[in-house]
């Protein structure tokens, strides 16, 4: 059953409405210096699982490629890497990547990841979730994983909707948006993922968007290289379940809609509140090395107790 | 219990404070860092169960402890451990329920929850010791069974045992028989994580050891990847059940007291079995021929043994600190032998006098 969508209406009311005054200069600034190291994608994929189950044009694929490039640039041993995912479209990613992969119940990625990392401190633990998985059902784990500052990287693919279950509104669905469970427009205010992560204690927090895959790669790479809890929010397109009801059912148009809202951190700091209205700042938004990393801290203290 | 866990090789504990099981966490937080293990207090019960599974996948023997409301929350991830076959031990110190119930008072109200609490068809192992020495031995056995059968093992205590002080005799840990999970004998490229040969339990590769495979809560094939194929699904579901139900001899444990000549048998477990034993001594002094059958393994239920017992006695008395849970299992196998439930769910232990009264009533009938 499809409900009538009032696209023009949502375009007017949505606080994330397109910003048209996005200069070419601004656009180019979101692109980070590019490492042209050749990436042998099949080497990181479970090729017998291709093609993916994601809809054609889904941003999750772009995030997966960015993640592969980031791991490749760091030249990590695949045997030492774990990918932990939850339930939702993002959860599929663990099946496709040739690492130690763990597909947990809905929202439980971070507790499972905590167990893995504590048991094997030299492992690289990467968590891939979505906005519903990480921020709604997994919201409590999100806060406390940030607070503990365990060396791991949480990638939140934020597509503004519960995609796999057919398009119900999520904690990041813009107010006024249409979803299967908000046929008259969503009432709920949204989470500011980045500021929640910073307030909770994450030590590397970045935001990016699939409209700039190179930037996504850079943000993820920075998170992987960071020793401590890193959170990377990747704004992504679900043109099927969010776009068709709200902006556009075409991936390129929804990605353009996301792109037009983003503004680089480097530029945003010269913009005033009025200019930043309706814009989403991307870049490394928080990076500190001052808080102790939990796992190293635990093992150090335990060794001291034994001696 | 904490000492038993350490002696059994447990090196990871994740928990959340809850009465009356917090003492186990307190002991583990002291012991684990001193033996090179890891203790973590998580943000909630769900998270502590998740961390236990993660740590076990990475190769550590792992446990958690909780009580009623916390056990309800853990059941989601216990189901994951059943499905993905991740060894772990969960202690549930049963207290009065439902909901917040009677946090400081004993109960046996979670017996059926332990069996069927997580959704979907699954088999489960649950052990119910009745004194502190036995709690030590059953904790060691819980870790061994978890590793041997790649399954979550639940230790069902009640608040009486949880807060009891009594003299215990503990073995030298070096003399314990310890079972460790079977590692794959094939190289990573030939490893099928859920393929079995000769037994129903597949060898288990720990994460980060070169075997890069997929672990999921979805129904999966031998490679570990999701499938909806009806034949593969049926085979998986049957195997998960069979690995427990085809190995009853290796899992079931029980104790029989004065049953040789008994006309009436009491089926009792946990702390109630202590009262039952006292009642039996007194009843014997009164000339009644009664004995006690005490399942130590509650799940899988020793149905065959109880059926055999039922065919030799005139009646079965099943006292429980609940409104009747294991009595259903007894009735299922008792045939035409009368089964008398004796239930109390008011937070108070069932005293020997209560059981004795029931025995006199049955004797008169």
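Read the figures in this text as sums done on the coordinates, not as results from a lab. On a predicted model such as this, the values are computed, not experimentally measured, just so you know. Positions of Cβ are generated from backbone atoms using ideal geometry, with glycine treated the same way; all protein chains shown enter the neighbour counts.
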Q: Would you kindly compute the Cα radius of gyration of the protein assembly as shown and its largest Cα-Cα separation (Dmax), both in Å?
A: 28.3, 100
Q: Calculate the all-directions average of the projected area of region A:142-254's alpha-carbon convex hull, and give it in nm².
A: 7.0
Q: For peptide B:71-80, compute the average count of partner chain beta-carbon atoms within 10 Å of each residue's beta-carbon.
A: 2
Q. Taking only Cα atoms, what is the 0 to 90° angle, nearest 10, from helix B:270-285's long axis to the longest principal axis of chain B?
A. 30
Q: Report, for chain A, the % of DSSP beta bridges that are antiparallel, rounded to 5.
A: 20
**Q.** Cα-derived Rg over Rh, computed across region B:126-218 with Rh taken as Kirkwood radius
**A.** 1.10
**Q.** Proportion of all alpha-carbon pairs of region A:258-307 beyond 11 Å (%)
**A.** 75
Q.
Run the numbers for residue B:19 and residue B:286: contour at 0.36 nm per residue of separation, minus the present Cα-Cα distance, in nm.
A. 92.1 nm
**Q.** Cα-based helix-to-principal-axis angle, B:132-149 vs chain B, degrees rounded to 10
**A.** 40
(Q) Could you tell me how far the Cα centroid of region A:253-307 sits from the Cα centroid of region B:279-356, in Å? (A) 62
Q) What is the log10 of I(q)/I(0) for region B:254-364, computed with the Debye formula using one identical point scatterer on each Cα and no solvent, at q = 0.11, 0.18, 0.22 Å⁻¹? A) -0.28, -0.79, -1.23
(Q) Taking 25 °C and 0.890 mPa s as the conditions, I'd like the Stokes-Einstein D for region A:35-105 in µm²/s, using the Kirkwood hydrodynamic radius from alpha carbon pairs. (A) 195
Q.
Going by Cα centres, region B:104-138 and region A:203-245 are how many Å apart?
A. 44
Q) Taking the Cα-to-Cβ direction at residue B:238 and at residue A:276 and moving 7 Å from each Cα, how far apart do the two end points lie in nm? A) 6.3
Q. For residue B:185 and residue A:287, what is the calculated FRET efficiency with R₀ set at 56 Å and r taken between the beta-carbons, to the nearest 0.05?
A. 0.75
Q.
Let me understand chain A better: what is its radius of gyration from the alpha carbons, and its Dmax, in angstrom?
A. 19.0, 69
Q. How big is the antiparallel share of DSSP beta bridges in the protein assembly as shown, given as a percent to the nearest 5?
A. 20
(Q) Between 0 and 90 degrees, rounded to the nearest ten: what's the tilt of helix B:22-31 against the longest Cα principal axis of chain B? (A) 50
Q | Rounded FRET efficiency, nearest 0.05, which uses the C-beta distance separating residue B:178 from residue B:116 and R0 of 22 Å | A | 0.15
Q) Taking R0 as 25 Å, what's the FRET efficiency between residue B:336 and residue B:255 from their Cβ-Cβ distance, rounded to 0.05? A) 0.45
Q: Considering the convex hull of the alpha carbon atoms of region B:1-119, report its projected area averaged over all viewing directions, in nm², one decimal.
A: 6.7
(Q) If you wrap a convex hull around the alpha carbons of region B:1-251, what volume per residue comes out, as a whole number of Å³? (A) 128
(Q) Modelling each spin label as a point 7 Å along the Cα-to-Cβ direction, I'd like the residue B:357/residue B:195 distance in nm, to one decimal. (A) 6.3
